[in-house]
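Trainee: So that we are looking at the same thing, I have put the structure below in structure tokens.
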Amino acid sequence: MTLAGRFAPSPSGELHVGNLRTAMLAWLFARSTGRAFLLRVEDLDRARAGAEAVQLRDLQAVGVTWDGEVVRQTDRESLYASTIDRLTAAGLAYECFCTRREIQEAPSAPHAPQGAYPGTCRDLSGPEREAKRAVRPAATRLRSAVTEWTVADALHGGFTGVVDDFVLRRNDGVAAYNLAVVVDDAEQGIDQVVRGDDLLPSTPRQAYLASLLGYAVPEYAHVPLVLNADGARLAKRDGAVTLGDLAREGYSAAQVAARVLASLGLPATLDAALAVFDPARIPREPWIWQGMSAG
Ligand code: GLU
């Protein structure tokens, strides 16, 4: 299978300069190592009508190209379901009936890390499960044999994080992000995952699940986010932050791309940047967005 990197946006709205910067970095990591570059639309939830088309157009406008057809997660639900069946048959998944509130209020298990699922439904008897099914539909959780897992990251080194009995399928029947991302990356031949470092804490869960499923764990690079002037993650409300907003201020997509690349110490187009890209030299701190003219 061809080795590949990817960008996997959630079509919840327009991409802002932070999302575009992550996509450009993922493209540079993949292309500079001779990998294919795939685009996957993560539309299992938070999808807004029309957002995907605008995202794809904006990615192309800053020079991010991809190989093959765009993949959509909503077309792959049977793949997620058969993977969950496989885990269930191996005794590695169980039904959970807890509400968010019940989880918050449950006493945490001894030695369990903060925020970990307390294990309430892990060992329900058949009749107990039967009774709970009559009350509400079940989510499916992983029966994890570990409480933490370590991953290797190109920018963060070894990173150890919590692995609990995390959700594989929500109680509305939709595959959970942590399951879908692992299945998709493996099934698409993706062996390099470059994404925002807000996702680093989820990565040990994903790598552990990949190993249970017999998948090769991809290499990871979690890149710094773009923050607003207050140090919070950049968002739509922070003024002109999308290509659409910036076009209304008179900036072309090429100018925005050049601005983003300058924040990485790179020349003004992706093709020029590719010729000199060195992952070891990308900034390790977040980029503070102060508009096109400053920062
Ligand atoms: N769809 C996720 C997001 O937009 C990214 C998931 C990933 O790159 O693994 O935040």
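Trainee: Roughly speaking, what is the stretch gain from SER32 to THR74, that is 0.36 nm per residue apart minus the C-alpha to C-alpha distance, in nm to one decimal? All intermediate terms of the calculation are to be shown ahead of the outcome.
Mentor: On the way: separation 42, 0.36 × 42 = 15.12 nm, distance 3.05 nm.
My answer for the length gained is 12.1 nm.
Trainee: Shifting gears a bit: Can you compute the FRET efficiency between LEU3 and ARG86 using 1/(1 + (r/R0)^6), with r the Cβ-Cβ distance and R0 = 35 Å? Round to the nearest 0.05.
Mentor: Efficiency computed from Cβ-Cβ geometry: 0.90.
Trainee: Moving on to the next point. Considering only DSSP beta bridges whose two residues both sit in the range 157-295, what percent are antiparallel, to the nearest 5? Don't skip to the end; give the middle numbers.
Mentor: Values: 2 of 9 bridges.
Bridges in the range 157-295 are about 20 percent antiparallel.
Trainee: Please compute one quarter of the surface area of the Cα convex hull for the range 161-295 and express it in square nanometres. Before the final figure, lay out the partial values.
Mentor: Working: hull surface 43.5 nm².
With the hull built on Cα positions only, its mean projection is 10.9 nm².
Trainee: What is the projected area of the convex hull of the Cα atoms of the chain, averaged over all directions, in nm²?
Mentor: It is 16.6 nm².
Trainee: Output the antiparallel fraction of DSSP beta bridges having both residues in the chain, as a percent to the nearest 5. Present the calculation step by step, with values, prior to reporting the outcome.
Mentor: Numbers: 15 of 30 bridges.
Looking only at bridges with both residues in the chain, the antiparallel portion is about 50 percent.
Trainee: A further question follows. Rank-order 192-205, 228-241 by packing density, defined as the average count of other C-beta atoms within 10 Å over each peptide's residues, highest first.
Mentor: Details: 192-205: 19.1, 228-241: 14.2.
Packing order, densest peptide first, comes out as 192-205, 228-241.
Trainee: Mind jotting down the three principal axis lengths of the range 51-150 based on Cα atoms? Whole angstrom, largest first.
Mentor: Projected onto its principal axes, the Cα set of the range 51-150 covers 55, 29, 26 Å.
Trainee: Using helices alone, what [θ] at 222 nm do you get for the chain, with -39,500 (n - 2.57) per DSSP H run of 4 or more residues, divided over all residues and rounded to the nearest 500?
Mentor: That comes out to -10000 deg cm²/dmol.
Trainee: Taking the Cα centre as origin and putting +1 on Lys and Arg beta-carbons and -1 on Asp and Glu beta-carbons, what dipole magnitude results for the chain, to the nearest 20 debye? Walk me through the numbers on the way to the answer.
Mentor: Numbers: 31 positive and 36 negative charges, 56 e Å.
Value, rounded to 20: 280 debye.
Trainee: Which of THR160, PRO127, ILE103 sits farthest toward the positive end of the charge dipole of the range 89-168, with +1 on the Cβ of Lys and Arg and -1 on the Cβ of Asp and Glu?
Mentor: Result: PRO127, furthest along the dipole toward the positive end.
Trainee: Oh, and also: Between the range 101-120 and the range 268-295, what is the separation of their alpha carbon centroids in Å?
Mentor: The two parts, judged by their Cα centres, are 41 Å apart.
Trainee: Let me ask another. At a 10 angstrom cut-off on C-beta neighbours, averaged per residue, how do the peptides 182-190, 51-59 rank from highest to lowest?
Mentor: On the way: 182-190: 20.6, 51-59: 18.1.
Per-residue Cβ counts within 10 Å, averaged per peptide and sorted highest first, yield 182-190, 51-59.
Trainee: Here's another thing I want to ask about it. Please name which of ALA175, ALA275, GLN188 has its Cα lying farthest along the dipole of the chain towards the positive end, using unit charges on Cβ (Lys, Arg +1; Asp, Glu -1) and the Cα centre as origin.
Mentor: ALA175
Coordinate-derived values only; no laboratory data. No experiment lies behind these values; they were computed from the predicted model shown. All Cβ positions, even for glycine, are placed from backbone atoms using ideal geometry, and neighbour counts span all protein chains on display.
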